[in-house]
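Contents: one structure, followed by commentary.
The values are calculated or read from the model by the stated rules, or taken from the named source; none is laboratory data. Here the structure is a predicted model, which means the values were calculated and not measured. Heads up, the Cβs are rebuilt from the backbone with ideal geometry, glycines too, and the neighbour counts pull from every protein chain shown.
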Amino acid sequence: MLNPLHLRTLVEVVVTGSFARAARRTGYTASAVSQQIAALERAVGTPLFEREAHGIRPTGMAFTIAERARESIAVLDSLERDIRDVVQGRSGRLRLGTFPTAGERLVPSAVAELTRSHPGAEILLDEAEPDDLLPQVQKGDLDLTLVFAYDLVPRVWPVELTAFPLIEETLVVLVPTGHHALRHADGIDLAALADERWVASRPGTAGATSLFRICAAHMFAPRVAFRSNDYDVVQGLVAAGAGVAIVPGLAYQPREGMVAVPLAQTPSHRRVSALYRTANHNPLLKAALDAFVLAGRGLEGPFVRADESIRSAPGEDEAPTTELEEAV
């Protein structure tokens with residue numbers, strides 16, 4: 001295989017007509033240039049210069065190779081620039097995953113920040129439930145995914161993954177406007193809803209499990225009449241007076257006919273994290289974490305707030321140091 005360095009030197013010698021002048025332009029000694037040309041001649045199997053007493057004369061083969069080499073060198077230079085851009089995070093591909101409520105409230109501003117700060121990068125997004133996205137992160141099909149865990153349904157993530165906390169959501173009780181349980185000034189006593197029809201997510205989901213465990217702490221089992229994993233459907237049923245529900249803060253959307261209040265005695269939370277392979281060295285991964293930190297800070301509200309670790313970060317536009325950053 002021809003050595004690209006030798007081809008570059010050949011081009012300079014042909015252009016300048018001298019080993020010495022080519023050496024000055026390339027930063028090598030004249031002896032080093034001569035040795036590189038000799039090595040190239042051995043590689044191609046034919047002399048490239050006629051050595052004369054007072055100089056050198058390129059052969060026809062030297063002109064032919066130099067002309068073709070310019071094209072190859074230009075391609076290699078372009079490849080080198082592309083690789084440098086990817087390594088420095090100016091371009092490349094970042095594959096993100098999210099669950100639906102974060103996809104609506106958290107992801108848009110983070111992706112907008114990424115496309116603004118890294119216009120040459122390709123940002124891809126997939127939406128599914130965390131249990132469906134987790135294997136994709138483990139296999140390397142996704143660089144990062146957003147996941148959640150309820151206080152009463154804790155999760156232990158695979159050891160090869162790092163979970164970076166972003167959001168703390170308060171679980172809120174949804175009741176129809178004017179409901180009798182709203183008489184408590186500091187929130188709702190869940191025991192007052194023991195006889196109500198409940199709207200819940202599907203059996204086996206973390207949200208449904210959390211609901212039953214919260215109600216069990218208040219000495220009753222909820223009478224679930226309606227199930228949906230679509231929080232718009234859940235809130236629509238509550239607003240229509242069909243039942244009551246508990247939803248995480250990101251899912252809550254104010255609407256007529258419905259009131260959202262926290263639990264009066266035992267507040268509970270859902271916590272959102274960014275999950276990625278610890279060994280993932282995609283240069284865009286740090287930028288993605290920074291963008292999600294900024295997006296998380298922008299969600300401050302009555303039922304949603306940034307995780308304590310990023311609320312106490314040094315500056316408004318500066319993300320906290322992550323394990324990923326420390327490893328770089």
For this session: Inspect all residues belonging to segment 153-167 and state whether any of them is among the acidic types (Asp, Glu) and under 13 Å from the mean Cα position of the chain (by Cα).
Result: no
Exercise. Can you name the number of the only condition in (1) over 26 Å from residue 297 (Cβ atoms); (2) surrounded by 14 or more Cβ atoms within 10 Å (Cβ to Cβ); (3) out of contact with any Cys (no Cβ under 7 Å at 6 or more places or on another chain); (4) at pLDDT below 95 that residue 178 fails?
Worked result: (2)
Exercise. When segment 123-142 is examined, which residues are found to be touching a residue at least 12 places away in the same chain (Cβ under 8 Å) and either in a helix (DSSP H, G or I) or surrounded by 22 or more Cβ atoms within 10 Å (Cβ to Cβ) (or both)?
Worked result: 130, 133, 134, 136, 137, 138, 142
Seminar exercise, completed: Going through segment 201-245 in order, the residues found to be in a strand (DSSP E or B) and either in contact with a Gly (Cβ under 8 Å, 6 or more places away or on another chain) or hydroxyl-bearing (Ser, Thr, Tyr) (or both) are 225, 226
For this session: Scan segment 219-257 residue by residue and report those that are under 29 Å from the mean Cα position of the chain (by Cα), within 21 Å of residue 192 (Cα to Cα) and not hydrophobic (A, V, I, L, M, F, W, C).
Result: 248
Exercise. Within the group 62, 69, 22, 39, which residue is surrounded by 13 or more Cβ atoms within 10 Å (Cβ to Cβ), touching a Lys or Arg at 6+ places or on another chain (Cβ under 8 Å) and assigned to a helix (DSSP H, G or I)?
Worked result: 69
For this session: Could you look through segment 149-177, keep only residues that are outside any strand (DSSP E or B) and touching a Gly at 6+ places or on another chain (Cβ under 9 Å), and pick out the one that is farthest from residue 209 (Cα to Cα)?
Result: 177
For this session: Look at residue 158 and say whether it is under 26 Å from residue 307 (Cα atoms), of a type outside the set (D, E, K, R) and free of Cβ contacts under 8 Å to residues at least 12 places away in the same chain.
Result: no
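Residues are listed down the side, and each one gets a yes or a no for (1) touching a Ser or Thr at 6+ places or on another chain (Cβ under 7 Å); (2) farther than 16 Å from residue 59 by Cα; (3) of a type outside the set (A, V, I, L, M); (4) assigned by TED's automatic domain parsing to the domain that holds residue 68:
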residue	(1), (2), (3), (4)
11	no, no, no, yes
17	no, no, yes, yes
26	yes, yes, yes, yes
33	yes, yes, no, yes
37	yes, no, no, yes
40	no, no, no, yes
45	no, no, yes, yes
48	yes, no, no, yes
